[in-house]
Amino acid sequence: MLNLRIIMTNRIQGISFVPCHSPVNSKDIEKLQEFIDNSTRLLVLTGAGISTESGIPDYSSKGVGLYARSSVRPVHFKDFMCKETVRKRYWARNYIGWPRFSSLKPNINHICLSNWEKHGKLFSLVTQNVDRLHHKSGTENVIELHGTTYRVKCMNCGYKISRFLFQQILKYLNPDLQLEAVEVHPDDDELDSGLLQDFQVADCERCGGILKPDVVFFGDTVPKERVEEVYQKVTNSDAVLAIGSSLKVISGYRFVLAAVEQNKPVAVLNIGPTRADHICNLKICAKCSDILPRIFLNNG
């Protein structure tokens, strides 16, 4: 049994995870305003850049992303499924990070999009994030492309339970492991420590199968039915706006490509270059909260 007290200072307190950026200019605001005014069925695709202002770093941003600040890398699907040691290390880190990760709040960007939906401007929201901040802001029509950390799923029988409930199960199995505040990572995967080899992980209560966050890990694929659902949303939309994503990963980029192929206007709002810069109709390089709150809804 573990007899370990983990005490970590909040190393990121006061540190911004928003990359260096220039102030937004009025012309960019006018261009995005016009783009949104011309749409009546707007599909918005969001990435990690929309949540950095809530205190969740992205992976690759220069200087402030996880890769720039840490040697920790996300677990790969095959390793998680095939290696018990990897699963123990993952769940130990995740267990330690969950209280802080689950307490994070939506920022003004999430709230703006929720207001767009309430006023009938937002037709559908597709997010690549697993943080549930769009739900917390009140947005209802959300497709979580990569799943969510707020559910745990059995990889054998498909049984699902709340991540909050699973936290209590892990606490019961590891009663001597006491926690303090820790650093947040994009997927709530914390602490790389060899001291946690004895961490106890629960199996599925129904079939004894492997339990995994209901999240698409690196090396895994987005469920086919979810992909088809998003493609249908793109078809039924009249414009696509990508926010806070470099679109480097094909899982999100393919929907921008689909919109372009259907001759739908595409706009991209992101700090730094994206994979779609050469094909979109409008590219704005700005911090999300510098521009989204300044967009007025015109419902005609």
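Read the figures in this text as sums done on the coordinates, not as results from a lab. Note that this is a predicted model, so its numbers are computed, not measured. Cβ atoms come from the backbone with ideal geometry, glycine included; neighbour counts cover every protein chain shown.
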Worksheet entry | Cβ-based net charge around residue 174, under 11 Å, with every Lys or Arg adding one and every Asp or Glu removing one | 0
Worksheet item: Hey, which of these cross-link pairs are over 29 Å Cα-Cα: 31/224; 121/160; 118/283?
Response: 31/224; 121/160
Worksheet entry | For residue 154, net neighbour charge (Lys/Arg +1, Asp/Glu -1) across residues whose Cβ lies under 12 Å away | +2
Worksheet entry | Fewest-first ranking of 50, 291, using other Cβ atoms within 10 Å as the exposure measure | 291, 50
Discussion item. Could you give each residue of the range 205-220 its phi-based ³J(HN,Hα) in whole Hz, using Karplus coefficients 6.51, -1.76, 1.60 with θ = phi - 60°, and x for Gly or Pro?
Written reply: 6, 8, 10, x, x, 6, 9, 9, x, 6, 10, 7, 6, 4, x, 9
Worksheet item: How large is ³J(HN,Hα) for each residue in the range 30-37, as worked out from phi by the Karplus curve 6.51 cos²θ - 1.76 cosθ + 1.60 (θ = phi - 60°), to whole Hz, x for Gly and Pro?
Response: 4, 5, 5, 4, 5, 4, 6, 4
Worksheet item: To the nearest 0.05, how large is the calculated FRET efficiency for residue 218 and residue 285 if R₀ is 41 Å and r is the Cβ-Cβ distance?
Response: 0.90
Worksheet, complete the sentence: Taking placed amide H atoms and a strict 5 Å upper bound, the residues 5 or more places from residue 283 or on another chain that come that close are 268
Item to complete: Please list the non-local residues whose amide H lies under 5 Å from the amide H of residue 214, H modeled 1.01 Å from N, same-chain partners needing a gap of 5 or more.
Response: 148, 151, 152, 153
Discussion item. If you take every residue apart from residue 298 with its C-beta less than 14 Å away from the C-beta of residue 298, what net charge results, scoring Lys and Arg +1 and Asp and Glu -1?
Written reply: -1
Response to the item:
By Cβ neighbour count within 10 Å, fewest first, 285, 207 rank 207, 285
Discussion item. Quick query: amide H of residue 122 versus all other amide H atoms, modeled in the peptide plane; which residues come in under 5 Å with a sequence gap of 5 or more or a different chain?
Written reply: 117
Worksheet entry | J(HN,Hα) series, the range 229-244, from Karplus relation 6.51 cos²θ - 1.76 cosθ + 1.60, nearest Hz, glycine and proline x | 4, 5, 4, 5, 4, 4, 4, 7, 8, 10, 6, 10, 10, 9, 10, x
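Could you tell me the calculated FRET efficiency between residue 38 and residue 86, based on Cβ-Cβ distance and R0 = 45 angstrom, to the nearest 0.05?
On the way: r = 49 Å, r/R0 = 1.08.
Plugging the Cβ-Cβ distance into 1/(1 + (r/R0)^6) gives 0.40.
Say R0 is 51 Å: what FRET efficiency, to the nearest 0.05, do residue 26 and residue 202 get from their beta-carbon distance? Mind dumping the intermediate values first?
Details: r = 55 Å, r/R0 = 1.07.
With a Förster radius of 51 Å, E is 0.40.
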Worksheet entry | DSSP-defined beta bridges in the range 26-294 - what % are antiparallel, rounded to 5 | 25
Item to complete: Determine the shape class of the range 26-294: with a ≥ b ≥ c the square roots of the Cα gyration tensor eigenvalues, call it rounded for a/c under 1.5, and otherwise prolate if a/b is greater than b/c, oblate otherwise.
Response: prolate
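Could you please rank 90, 231, placing first whichever residue has the fewest other Cβ atoms within 10 Å of its Cβ? Walk me through the numbers on the way to the answer.
On the way: 90 23, 231 13.
Ascending number of Cβ neighbours within 10 Å: 231, 90.
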Worksheet entry | Listed residue (267, 177, 211) projecting farthest to the positive dipole end of the range 26-294, Cβ model | 267
